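Trainee: One structure follows; several queries about it will come next.
The values are calculated or read from the model by the stated rules, or taken from the named source; none is laboratory data. These numbers come from a predicted model, not from an experiment. Don't worry about glycine lacking a Cβ; one is built from the backbone with ideal geometry, like all the others, and counts go over all protein chains shown. Please note that ligands, DNA and RNA were not included when accessible areas were found on the heavy atoms of the full protein model with its side chains. Shrake-Rupley method; radii C 1.70, N 1.55, O 1.52, S 1.80 Å.
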Amino acid sequence: MTAEPLSGSLSKAFLALLRRDLLLAFRRRTELLFPVIFLLVVVSLFPLGIGPGPQLLARIAPGVIWIAALLATVISLDALFRSDFEDGTLEQFIISGHPLTLIALAKIVSHWLVAGLPIVLLSPLLALWMNLPSESLGVMILTLALGTPILSLIGSIGVGLTISLKRGGQLLSLLVFPLYVPILIIATAAVMAASDGLPYTQFLGLLIAGLITSVTLAPFAAAAALKISLS
Amino acid sequence: MNSNTATKAKPRKHPVVLFIHKLGSPPWFYDFAGKFIPWLWLIFGVLTVLGLYLGLVKAPEDYLQGQSVRIIYLHVPAAWMSMMIYSSMAVMGFIALVWRIRIVEILAMASAPIGAAFTIVTLTAGSLWGRPTWGTYWVWDARLTSELVLLFLYLGVIGLYNSIDEPRKAARAACLLAIVGAVNLPIIHYSVKWWNTLHQGSSISLMGGSSIDSSMLYPLLIMAVATKFYYGANLLTRARIKLLEQDKRKAWVREILKEKN
């Protein structure tokens, strides 16, 4: 008995939801900082564990920064649908008459703005710590800008599947990390190629292809996952 | 037109369609699978004995790899199965999600542990082969890595299936995960081409001529067919047990139990 959404109300709903989620996130500013601090701490552990040799750090920098980005994303993913699931808002979204895919996409976008974008913005600092050659810094930032949205998109499927579990977080990392493998490979390959002075545009092209594919498919899968979890 | 309404009211199903519909019924499936399972095990046993005899005794040793080449009669069929079972699980998962057939859900989920086992066999046999051939148990090359990722995908599906209490919801969630993972399978496959590696290129292809002698090819192919029968037999056995478990309060299971007692 839900009313048919009026024309133009899809984008309105999308923007309203995005605005609401960002507002909620900025009201809880300390929680917002946890993944960012986590990222900084994880990256700073590597020089401590491996030694401060600038050559070695520069060599492993792309991998370390990217793995830290994966970990920080998975840490923050649980918040994607959790509070809406617990207070019943998610069920209201489902019966609202708007496609769940659109709602999932809005939440994914807000998740990326809150959790993914800070990683991209912080990456120059991380690159400095890890002694990444300055000529590959631009590529590093580009791979993170193209790659972290994919992490949020693919991660949303995992969150949708585990949302009904009380301890979904541990399982989530097991579900999501194998799916992140190609992105990690391609992104670090791009940065390493740039460090070695080799062409890297083909890797960026692959990341763009991955981003387009996951934007197209992941919200549908996330919506299907949420429907299964709420059934 | 009107004279036909009597016959149209009860459209007769094609025998094949009828057969597929019948398979969706748990008691029917249970009986049908029960009749097939002994034969599948038997064929698997005969083929395995034959394949292993040809492979381990008859086939010549490799001039470079020596006796250790015989590991491929286990390793390669297991590797093929690990990928085939994942695809079949994803296809069944798709069917289960679209048409909501419970038997298919059970079959898809019963595939996961078998596939994971084949993946572990592949990795173990591969590293045992790698020690004398490459001088190391483990190399981070594309195929080994993608096989390891495949194992993680399997473990994710099994983990998700076992964490959700309600069996049908668990199966549907894990089926969706299997489909999402299947999107990764081609990427895993092409990672072989992206990475230049230590691993030898494939020496068997359906299209071109194989660069492997027929005395070594036949045991390999026989083992490949044998593992298919193993999958079928193990899958149906697991599905039957799962059906009994899920339907333990239903009348048809009680009848079977009465007959057994």
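Trainee: Please indicate, with yes or no, whether at least one residue in the range A:184-191 is without any contact (Cβ under 8 Å) to a residue 40 or more places away in the chain, within 20 Å of A:R59 (Cα to Cα) and small (G, A, S).
Mentor: Within the range A:184-191, one or more residues are without any contact (Cβ under 8 Å) to a residue 40 or more places away in the chain, within 20 Å of A:R59 (Cα to Cα) and small (G, A, S).
Trainee: Next question, about the same structure. Does A:A189 count as more than 11 Å from chain B (Cβ to nearest Cβ), surrounded by fewer than 24 Cβ atoms within 10 Å (Cβ to Cβ) and among the small types (G, A, S)? Step through it out loud before you land on a result.
Mentor: On the way: more than 11 Å from chain B (Cβ to nearest Cβ): no; surrounded by fewer than 24 Cβ atoms within 10 Å (Cβ to Cβ): yes; among the small types (G, A, S): yes.
Considered against the rule, which asks whether it is more than 11 Å from chain B (Cβ to nearest Cβ), surrounded by fewer than 24 Cβ atoms within 10 Å (Cβ to Cβ) and among the small types (G, A, S), A:A189 comes out as no.
Trainee: While we're here: If A:L137 satisfies all but one of (1) in contact (Cβ under 8 Å) with a residue 12 or more places away in the chain; (2) open to solvent by less than 30 Å² (accessible area, probe 1.4 Å); (3) part of a helix (DSSP H, G or I), what's the number of the condition it fails?
Mentor: (2)
Trainee: Can I ask one more? How about the range A:196-207: which of its residues are assigned to a helix (DSSP H, G or I) and farther than 14 Å from A:I185 by Cα?
Mentor: Correct list: A:T201 only.
Trainee: Oh, and also: Of everything in the range B:26-47, what is open to solvent by 30 Å² or more (accessible area, probe 1.4 Å) and free of Cβ contacts under 8 Å to residues at least 40 places away in the same chain? Give them in sequence order. Full working, then the answer.
Mentor: Going residue by residue through the range B:26-47, those that are open to solvent by 30 Å² or more (accessible area, probe 1.4 Å) are B:27-28, B:31-32, B:35-36, B:38-39, B:41-44, B:46-47.
If the condition is that a residue be open to solvent by 30 Å² or more (accessible area, probe 1.4 Å) and free of Cβ contacts under 8 Å to residues at least 40 places away in the same chain, then B:W28, B:D31, B:F32, B:K35, B:P38, B:W39, B:L42, B:V46 are the ones that fit.
Trainee: Among the residues of the range B:92-103, what is the count of those that are more than 13 Å from chain A (Cβ to nearest Cβ) and in contact (Cβ under 8 Å) with a residue 24 or more places away in the chain?
Mentor: So in the range B:92-103, the residues more than 13 Å from chain A (Cβ to nearest Cβ) come out as B:92, B:95, B:99, B:101-103.
Pick out the ones that are also in contact (Cβ under 8 Å) with a residue 24 or more places away in the chain and you get B:92, B:101-103.
Total satisfying the criteria: 4.
Trainee: If a residue has to be part of a loop (DSSP other than H, G, I, E, B) and on the phi < 0 side of the Ramachandran plot to count, how many in the range A:68-118 make the cut?
Mentor: Of the range A:68-118, the ones part of a loop (DSSP other than H, G, I, E, B) are A:78-81, A:87-88, A:96-99.
Within this subset, residues satisfying the condition of being on the phi < 0 side of the Ramachandran plot are A:78-81, A:87, A:96, A:98-99.
Of the residues in the range A:68-118, 8 are part of a loop (DSSP other than H, G, I, E, B) and on the phi < 0 side of the Ramachandran plot.
Trainee: In the range B:128-150, how many residues are buried (at least 16 other Cβ atoms within 10 Å of the Cβ) and either in contact (Cβ under 8 Å) with a residue 40 or more places away in the chain or more than 10 Å from chain A (Cβ to nearest Cβ) (or both)? Walk me through it before giving the result.
Mentor: Within the range B:128-150, the first condition is being buried (at least 16 other Cβ atoms within 10 Å of the Cβ), and the residues that meet it are B:129-130, B:133, B:139, B:141-150.
Restricting the remaining residues to those that are either in contact (Cβ under 8 Å) with a residue 40 or more places away in the chain or more than 10 Å from chain A (Cβ to nearest Cβ) (or both) gives B:129-130, B:133, B:139, B:141-147, B:150.
Selection size over the range B:128-150: 12.
Trainee: Related question: Pull out all pairs, ordered by first then second residue, where Cβ-Cβ is under 8 Å, the residues are six or more apart or on different chains, the first lies in the range B:217-229 and is touching a residue at least 12 places away in the same chain (Cβ under 8 Å), and the second is not in a helix (DSSP H, G or I).
Mentor: Filtered contacts from the range B:217-229: B:L217/B:I204; B:L217/B:S210; B:P219/B:A59; B:L220/B:I204; B:L220/B:I212.
Here is a yes/no grid of residues against (1) more than 9 Å from chain A (Cβ to nearest Cβ); (2) open to solvent by 30 Å² or more (accessible area, probe 1.4 Å); (3) at pLDDT 90 or above:
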| residue | (1), (2), (3) |
| --- | --- |
| B:F152 | no, yes, yes |
| B:G159 | no, no, yes |
| B:N162 | yes, yes, yes |
| B:A173 | no, no, yes |
| B:L177 | no, no, yes |
| B:H189 | yes, yes, no |
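Trainee: I'm trying to understand the selection: among the residues of the range B:53-83, which are of a type in the set (A, V, I, L, M) and open to solvent by less than 60 Å² (accessible area, probe 1.4 Å)? Full working, then the answer.
Mentor: Keep residues of the range B:53-83 that are of a type in the set (A, V, I, L, M), which gives B:54, B:56-57, B:59, B:64, B:69, B:71-72, B:74, B:76, B:78-79, B:81, B:83.
Selection gives B:L54, B:A59, B:V69, B:I71, B:I72, B:V76, B:A78, B:A79, B:M81.
Trainee: Now for a separate question. In the range A:48-59, what residues are of a type outside the set (K, R) and either modelled with pLDDT under 90 or surrounded by fewer than 18 Cβ atoms within 10 Å (Cβ to Cβ) (or both)?
Mentor: Looking only at the range A:48-59, we keep the residues that are of a type outside the set (K, R), and these are A:48-58.
Result: A:L48, A:G49, A:I50, A:G51, A:P52, A:G53, A:P54, A:Q55, A:L56, A:A58.
Trainee: Which condition does B:A117 not pass, out of (1) modelled with pLDDT of 95 or more; (2) of a type outside the set (S, T, N, Q); (3) farther than 26 Å from A:L165 by Cβ, if it passes all the others?
Mentor: Status for B:A117: all satisfied but (3).
Trainee: Step by step: first the residues of the range A:198-210, then only those that are away from chain B (no Cβ under 14 Å) and in contact (Cβ under 8 Å) with a residue 60 or more places away in the chain, then the one that is most open to solvent (accessible area, probe 1.4 Å). Which residue is that? Reasoning before the result, please.
Mentor: Taking the range A:198-210 and keeping what is away from chain B (no Cβ under 14 Å), we get A:199, A:201, A:204, A:208.
From the residues that got through so far, the ones that are in contact (Cβ under 8 Å) with a residue 60 or more places away in the chain too are A:204, A:208.
On the way: A:L204: 19, A:I208: 77 Å².
The residue in question is A:I208.
Trainee: What residue, among those in the range A:212-231 that are more than 10 Å from A:I154 (Cα to Cα) and under 16 Å from the mean Cα position of the chain (by Cα), is nearest to the other protein chains (Cβ to nearest Cβ)?
Mentor: Of the residues in the range A:212-231, the ones more than 10 Å from A:I154 (Cα to Cα) are A:212-213, A:216, A:220, A:223-231.
Now drop any that are not under 16 Å from the mean Cα position of the chain (by Cα), which leaves A:212-213, A:216.
Numbers: A:I212: 14, A:T213: 8, A:T216: 12 Å.
Checking each candidate, the answer is A:T213.
Yes/no matrix, rows are residues, columns are (1) β-branched (V, I, T); (2) open to solvent by 80 Å² or more (accessible area, probe 1.4 Å):
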{"residue": "A:P35", "(1), (2)": "no, no"}
{"residue": "A:L39", "(1), (2)": "no, no"}
{"residue": "A:L45", "(1), (2)": "no, yes"}
{"residue": "A:G63", "(1), (2)": "no, no"}
{"residue": "A:A69", "(1), (2)": "no, no"}
{"residue": "A:S83", "(1), (2)": "no, no"}
{"residue": "A:E86", "(1), (2)": "no, yes"}
{"residue": "A:P99", "(1), (2)": "no, no"}
{"residue": "A:I103", "(1), (2)": "yes, no"}
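Trainee: Which condition number in (1) crowded, with 20+ Cβ neighbours inside 10 Å; (2) under 16 Å from B:A233 (Cα atoms) is the one that B:Y86 fails?
Mentor: (2)
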